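The values are calculated or read from the model by the stated rules, or taken from the named source; none is laboratory data. Since this is a predicted model, take the numbers as computed values, not measurements. No Cβ is skipped: glycine too gets one built from the backbone with ideal geometry, and neighbour counts run over all protein chains shown.
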Amino acid sequence: MGKVMLQGRTSHAGVTVTIGQLAPVTTSSDGTYAVLRGVPKGQHVIRAERTGYLSAEGYVIIEDETHTKTMPPITLLAGDLNGDGTVNLFDLVLIGTIFGQQDMDSLRSDLNGDGMVNLFDLVLVGNNLGRDGPLPFE
Ligand SMILES: [Ca+2]
Ligand SMILES: [Ca+2]
């Protein structure tokens, strides 16, 4: 189990967490997820991803599959709207084209989740310009 927070949002729901070959789980609004039970022994890749955010990736080592493994909490950085793994000019342009509108696809350009593509979202992208994913999951 663990917790993934979304930068700039009050609801941290909708992050997909995948471990190895197991079926992905999604976070609830407080960011928590429970997945690390029944994971086979060994080292597995763990990924956390959400549209509009840089993903995080790392390794989880399971020594005893009967125990529930707890992962450290992480925060995904906002702003990778086009999903190319970096927060860059393309993401700013995307926000610019629908600035001031209600975001029909609220998973995407409305980063802070207030229902509008506005200055708050622009600031989130601006603050993370130049950041690359995946972020370390540790
Ligand atoms: Ca991008
Ligand atoms: Ca917004």
- Task: Looking only at region 60-70, decide whether some residue is outside any loop (DSSP other than H, G, I, E, B), within 14 Å of Lys3 (Cα to Cα) and either away from ligand 2 (no atom under 16 Å from the Cβ) or of a type outside the set (S, T, N, Q) (or both).
- Result: no
- Query: Scanning for something crowded, with 21+ Cβ neighbours inside 10 Å, assigned by TED's automatic domain parsing to the domain that holds Gly126 and of a type outside the set (Lys, Arg), does region 31-44 turn up at least one residue?
  - Reply: no
- Message: Quick check on this structure: which one of Gly100, Gly126, Gly85 is exposed (fewer than 14 other Cβ atoms within 10 Å of the Cβ) and within 14 Å of ligand 1 (Cβ to nearest atom)?
- Response: Gly85
- Message: If a residue must be at pLDDT below 95, of a type outside the set (A, V, I, L, M, F, W, C) and assigned to a loop (DSSP other than H, G, I, E, B), how many such residues does region 17-45 contain?
- Response: 7
- Task: Give me the pairs, please: first residue somewhere in region 26-54 and on the phi < 0 side of the Ramachandran plot, second residue anywhere and aromatic (Phe, Trp, Tyr), beta-carbon distance under 6 Å, and either six or more positions apart or on two chains.
- Result: Thr27/Tyr33; Gln43/Tyr59; Ile46/Phe137
- Message: Quick check on region 83-105. Is at least one of its residues among the aromatic types (Phe, Trp, Tyr), without any contact (Cβ under 8 Å) to a residue 40 or more places away in the chain and either farther than 13 Å from Gln7 by Cα or assigned to a helix (DSSP H, G or I) (or both)?
- Response: yes
- Query: In this structure, is Gly115 on the phi > 0 side of the Ramachandran plot and either touching a helix residue (DSSP H, G or I) at 6+ places or on another chain (Cβ under 8 Å) or away from ligand 1 (no atom under 16 Å from the Cβ) (or both)?
  - Reply: yes
